[in-house]
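Undergrad: What follows is a structure written as structure tokens; I'll ask about it next.
The values are calculated or read from the model by the stated rules, or taken from the named source; none is laboratory data. These numbers were taken from a predicted model, which means no experiment stands behind them. Cβ: placed from backbone, ideal geometry, glycine included. Neighbour counts: every protein chain shown.
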Amino acid sequence: MKKITGVMVYYYFVCKRKLWFFINDMTMEHSSDLVNMGKIIDETSYSREKKNILIDETINIDFLKDWKVIHEVKKSRKIEEASKWQIKYYMWVLKHKGVAIEKGILDYPLLRKRENVFLEEEDEKQIEEILEDIQRIVNLKLPPDKVNKAVCKKCAYYELCYI
Ligand code: SF4
């Protein structure tokens, strides 16, 4: 059983092929300007808060306030669905460790916006199904199909998929 990280849940919603590349250590993200930009936002926007808390080598939380509110910092709202599930997954993991998180907040410092996210009862069932499906993808011998979406143009694996 592979440990499922928050990034894996995020990629599950962005593109399952991207998730497969990531799982198989085909990490090209370091060369992506977008990822670098994400790191810069991370380093500059919330310097006074406690951040990057790694729990169980599984989830890496951007920051956690009083063990009650989780923050996840994103640069754009383009793949908001993926961001929501990533933060719901963090809440789910912490709940299973006995830490009751009140809510998650998606922070978009470049847009000066934030959004509250809650872990609803029906989300918990869906997270279990998502984790099962991620395990299925972990075991695939070949990557899933390309998604041919706008997101591909900014994906670090673009060349691998289309050139
Ligand atoms: S380029 Fe598109 S299809 Fe290929 S991994 Fe990235 S998002 Fe998925």
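Undergrad: What are the residue pairs meeting all of these: first residue in the stretch 7-18, first residue at negative phi and in a helix (DSSP H, G or I), second residue among the basic types (K, R) and more than 11 Å from the ligand (Cβ to nearest atom), Cβ atoms under 9 Å, and 6 or more apart or on different chains?
TA: Within 9 Å, the pairs are M8/K2; V9/K88; F13/K84.
Undergrad: Between a residue in the stretch 142-163 that is more than 18 Å from I23 (Cα to Cα) and of a type in the set (A, V, I, L, M) and any residue that is within 8 Å of the ligand (Cβ to nearest atom) and in a helix (DSSP H, G or I), which pairs come within a Cβ distance under 9 Å, given they are 6 or more apart or on different chains?
TA: V151/V14; V151/K18
Undergrad: Any residue at all in the stretch 49-69 that's in a helix (DSSP H, G or I) and either away from the ligand (no atom under 16 Å from the Cβ) or surrounded by 14 or more Cβ atoms within 10 Å (Cβ to Cβ) (or both)?
TA: The first filter runs over the stretch 49-69 and keeps only residues in a helix (DSSP H, G or I), leaving none.
Within the stretch 49-69, not a single residue is in a helix (DSSP H, G or I) and either away from the ligand (no atom under 16 Å from the Cβ) or surrounded by 14 or more Cβ atoms within 10 Å (Cβ to Cβ) (or both).
Undergrad: Could you please let me know if K78 is within 15 Å of the chain's Cα centre (by Cα) and either assigned to a helix (DSSP H, G or I) or within 16 Å of the ligand (Cβ to nearest atom) (or both)?
TA: On the way: within 15 Å of the chain's Cα centre (by Cα): yes; either assigned to a helix (DSSP H, G or I) or within 16 Å of the ligand (Cβ to nearest atom) (or both): yes.
Criteria met by K78.
Undergrad: Further question on the same structure: Checking the condition near the ligand (Cβ under 8 Å from one of its atoms) and at pLDDT below 95, which residue from V151, V138 passes? Working first, answer last.
TA: On the way: V138 fails: near the ligand (Cβ under 8 Å from one of its atoms).
None of the other options fit; the residue is V151.
Undergrad: Further question on the same structure: (1) of a type outside the set (S, T, N, Q); (2) within 16 Å of the ligand (Cβ to nearest atom); (3) surrounded by 12 or more Cβ atoms within 10 Å (Cβ to Cβ): which one isn't true of E159, the others all being true?
TA: It fails just one condition, (3).
Undergrad: Which ones in the stretch 115-127 are exposed (fewer than 13 other Cβ atoms within 10 Å of the Cβ) and in a strand (DSSP E or B)?
TA: If the condition is that a residue be exposed (fewer than 13 other Cβ atoms within 10 Å of the Cβ) and in a strand (DSSP E or B), then N116 is the only one that fits.
Undergrad: With the condition kept exactly as written, say whether any residue in the stretch 136-155 is under 21 Å from T5 (Cβ atoms), out of contact with any helix residue (DSSP H, G or I) (no Cβ under 8 Å at 6 or more places or on another chain) and surrounded by fewer than 14 Cβ atoms within 10 Å (Cβ to Cβ).
TA: There is at least one residue in the stretch 136-155 that is under 21 Å from T5 (Cβ atoms), out of contact with any helix residue (DSSP H, G or I) (no Cβ under 8 Å at 6 or more places or on another chain) and surrounded by fewer than 14 Cβ atoms within 10 Å (Cβ to Cβ).
Undergrad: I would also like to ask the following. What single numbered condition from (1) part of a loop (DSSP other than H, G, I, E, B); (2) touching a helix residue (DSSP H, G or I) at 6+ places or on another chain (Cβ under 6 Å) fails to hold for L111?
TA: Going through the list (1) part of a loop (DSSP other than H, G, I, E, B); (2) touching a helix residue (DSSP H, G or I) at 6+ places or on another chain (Cβ under 6 Å), L111 breaks only (2).
Undergrad: Return only the number of the condition from (1) over 24 Å from K16 (Cα atoms); (2) in contact with a Leu (Cβ under 9 Å, 6 or more places away or on another chain) that I134 does not satisfy.
TA: Going through (1) over 24 Å from K16 (Cα atoms); (2) in contact with a Leu (Cβ under 9 Å, 6 or more places away or on another chain) one by one, I134 breaks only (1).
Undergrad: Name, by its number, the condition in (1) outside any helix (DSSP H, G or I); (2) under 15 Å from M8 (Cα atoms) that does not hold for K146.
TA: (2)
Undergrad: Of all residues in the stretch 82-103, which are closer than 15 Å to F118 by Cβ and part of a helix (DSSP H, G or I)?
TA: Passing the criteria: S83, K84, W85, Q86, I87, K88, Y89, Y90, M91, W92, L94, K95.
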